[in-house]
1. Confirm whether residue B:27 is surrounded by fewer than 16 Cβ atoms within 10 Å (Cβ to Cβ), touching a helix residue (DSSP H, G or I) at 6+ places or on another chain (Cβ under 7 Å) and either away from chain C (no Cβ under 14 Å) or modelled with pLDDT under 90 (or both).
2. Give the residue that is farthest from the chain's Cα centre (by Cα), with candidates limited to residues of region B:147-180 that are under 17 Å from residue A:43 (Cβ atoms) and free of Cβ contacts under 8 Å to residues at least 24 places away in the same chain.
3. Would you pick out the residues in region C:76-102 that are surrounded by fewer than 19 Cβ atoms within 10 Å (Cβ to Cβ) and either in contact with a helix residue (DSSP H, G or I) (Cβ under 7 Å, 6 or more places away or on another chain) or assigned to a loop (DSSP other than H, G, I, E, B) (or both)?
4. Which helices (runs of 4 or more DSSP H) does region B:204-274 wholly contain that include 3 or more residues that are within 13 Å of chain C (Cβ to nearest Cβ)?
5. Which of the numbered conditions does residue B:177 fail, given that it passes all the others? Conditions: (1) modelled with pLDDT under 90; (2) over 30 Å from residue C:35 (Cα atoms); (3) facing another protein chain (nearest Cβ under 7 Å); (4) surrounded by 18 or more Cβ atoms within 10 Å (Cβ to Cβ).
6. Can you confirm whether residue C:308 is at pLDDT 90 or above, assigned to a loop (DSSP other than H, G, I, E, B), over 24 Å from residue C:195 (Cβ atoms) and touching a helix residue (DSSP H, G or I) at 6+ places or on another chain (Cβ under 8 Å)?
7. Does residue A:275 count as out of contact with any strand residue (DSSP E or B) (no Cβ under 6 Å at 6 or more places or on another chain) and crowded, with 24+ Cβ neighbours inside 10 Å?
8. Before we move on, is residue C:267 in a loop (DSSP other than H, G, I, E, B), out of contact with any strand residue (DSSP E or B) (no Cβ under 8 Å at 6 or more places or on another chain) and either farther than 30 Å from residue C:398 by Cα or at pLDDT below 95 (or both)?
């Protein structure tokens, strides 16, 4: 995944160069190293420690060994939340990625007013998890919301299905909300496409390539590092998503929108089970790691870096 | 793609396709914008009308007062204070996040130093823990630094690089032809020169993208300020906005919508300002270095 | 790099300009929305004007307040005066985070001479007094008398039984097509608490290691809700997933004839409905008359944190809340009936129609009330969430009332022993 270290012949000059290279590398990542040591590592390890304790934030943590992890196995809501989260991730990530890429491709063509469209499609992402979004979504997908209004008008019958409120559809309404926020990924794709050297396409033009071929053999490979980035980030963010579910459905009805990170939040701050919340967080870390490693491993075969 | 479109004159077929393109793009834009239009319309309605005339996008009378009332908040501090605080947080966080992330990204993406793979994996891992379980340890830590009731706990870590932006910049840097580096090497350039003279000019798109996101994220950052800031005069808008709704009594919805609408404006302006540079892309800004 | 450092320094100086004062103000904290913030800020200004004590306010919305206070408690950094809720105070007392106010009361720094003991007993744990009741409230059945009269029906009396009420709700719906009552408020776990008390039971047993009600009681409650729901006399259960505020509840829009609520929140409905429907009528929760199942509850507590630096100033603040005449005339009973008898009658003589009704109701209700329930165990929040889950499950038709009741009991017993 990172650059391959070539093994140079061992000479004095080469060794000095190696040392310089190492020094330069550490110098560049120094800000991050400092941050890791000063700001990140301590809270992270502390949360790992807390995961082996009973800790309600108000009293001192009490060591209870692996009890939190054992309790998790017997916790129905834990499994439910895990299932809901997997469904959320597997639907949202590909959908958002595909729509972001498709729109980005269209928005890098040469039409007038492209900048305006780009803005229009990006603006919804700025609403994030604000309080206002809860009411907007309830208004659009509630029993007498705009969505039912459209269906009623098209079908000619009165339709009053509560899309956010019913067990069968509540999660999909949140997935749709996630897709509506495709703007950020789109923006990253746009900059990725913009960075592809024009000379590549000029060469293709000489070869008489059609648009599909250009997309398949130039855009896609050249964009693959960025696609890879959006995929990895999409997975991480989707696994950690919770504010929309908290604000709109609060995990209901019947835990059908109980995303894993929301459950962690509730355990930690509503139920005073910070130790348990930490344990679940570390389980989440392991789960996301497994997926990320898988994606990273697969990237060798489809991500093309300049070399 | 760009080339084909440029090299032909406007034929009737082209004109038709152009119209079709704009019709579809506008329709899609309308669907995307409907929720926001609804919010904006509601911000101009009298509060009691927000839910009685739900379907209507046109207020019976336009109430710009909602903005004034919402702006005044609880009277002690107005949104001038809250937005001002958000701006301080966002500007410094953006500068810190963008600058340091680019440096770190170059280290990871281009310099084959010992242990880079391990450090990179560690960096990815730090992104995976949910922020909510780190709050208490972080609070205790920043308290020991004496940083409570300042913006330092929010801003300073940004100067240590943000994994998301580091990774983003890395992916863009890896798309830059390596021959450029090698050419520089022949010129006898060290790593710092390579970064400042070659990579930096070439990574404008990812820097801009990072800046757009950094500004937005720190603008709407909520959990950090909630924990580290206790004085209402230091609250950013993200916290103030949550105090409109009240489960026990009535909510000033039109005020909430008005201030939420306003809170989008600065982020939008930053985006509009930066996207100019984004559009130009590397083809015109780079490759000369 | 130099530039970067300069910017960093600038940021530090900008953010760190919090001057250290020699005479520290008292830190006071509360939860609230814009409107309650205004009330509390004005109150605090009156406090400063009356006593010369400067204050520093810290306020957040309800959910955020608790996230924050938990974190501050973990770091031993709580504000001097904190507002506490009856649902959480016990946990804070158990962990030694609140100060025993008894010495302050004995020293006259918090004057409770006009306060009946029953009004402050809710804040007593063991031998200590850990919170002063900010004002008393209670559950109430609010009835839209105009809607009921339009349907040619009678407003329930205080003597109405629970079963009669369920029938009344359904009958109203069948006559008018409107709703008999509001499901948003039926979800309230405290309503079920009253229901259990009607059967001589409580939510938890005395040791708080198991539930205090029987399977039959909960099954009956779930069945009655289901009966009203399936008859269409309350809104569809899917419509209560997203809660977007009281003004959107059917009762607030004159689409439901009655609702269960708390006396503090009653005024919100009353104001919304006053123009179209006139005054509401207030009744005790049906079925509570004979069993005296009602209770008078502290709306919230004013407490002093154990790590407080300004104990005397915080005590003065609480004293002013309790005994300040101008301040209470300004607050006007909106945070419950003032606990001081003197203040209470002063306020009562100055009320508008809407608030007067709540004051009168509280006096009537007290006759149907018995002892306040013991403070809830820590697991109560979690159990309350599960209660809603199981209730929802019954109404969606995913479980029978008995299955759901059994599940809730099993869940509760496990959570209580964790």
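The values are calculated or read from the model by the stated rules, or taken from the named source; none is laboratory data. Keep in mind the model is a prediction, meaning the values are calculated, not measured. Positions of Cβ are generated from backbone atoms using ideal geometry, with glycine treated the same way; all protein chains shown enter the neighbour counts.
1. Numbers: surrounded by fewer than 16 Cβ atoms within 10 Å (Cβ to Cβ): yes; touching a helix residue (DSSP H, G or I) at 6+ places or on another chain (Cβ under 7 Å): no; either away from chain C (no Cβ under 14 Å) or modelled with pLDDT under 90 (or both): yes.
Here the answer is no, as residue B:27 does not meet what is asked.
2. B:152
3. The first filter runs over region C:76-102 and keeps only residues surrounded by fewer than 19 Cβ atoms within 10 Å (Cβ to Cβ), leaving C:76-77, C:85, C:87, C:94-96, C:100, C:102.
Correct list: C:76, C:77, C:85, C:87, C:95, C:96, C:100.
4. Numbers: elements: B:204-220, B:223-228, B:237-241.
Per the criteria, B:223-228, B:237-241.
5. Unmet for residue B:177, out of (1) modelled with pLDDT under 90; (2) over 30 Å from residue C:35 (Cα atoms); (3) facing another protein chain (nearest Cβ under 7 Å); (4) surrounded by 18 or more Cβ atoms within 10 Å (Cβ to Cβ): (4).
6. Details: at pLDDT 90 or above: yes; assigned to a loop (DSSP other than H, G, I, E, B): yes; over 24 Å from residue C:195 (Cβ atoms): yes; touching a helix residue (DSSP H, G or I) at 6+ places or on another chain (Cβ under 8 Å): yes.
Criteria met by residue C:308.
7. On the way: out of contact with any strand residue (DSSP E or B) (no Cβ under 6 Å at 6 or more places or on another chain): no; crowded, with 24+ Cβ neighbours inside 10 Å: yes.
Taking the combined requirement at face value, the residue does not satisfy it.
8. On the way: in a loop (DSSP other than H, G, I, E, B): no; out of contact with any strand residue (DSSP E or B) (no Cβ under 8 Å at 6 or more places or on another chain): yes; either farther than 30 Å from residue C:398 by Cα or at pLDDT below 95 (or both): yes.
So residue C:267 fails the test.
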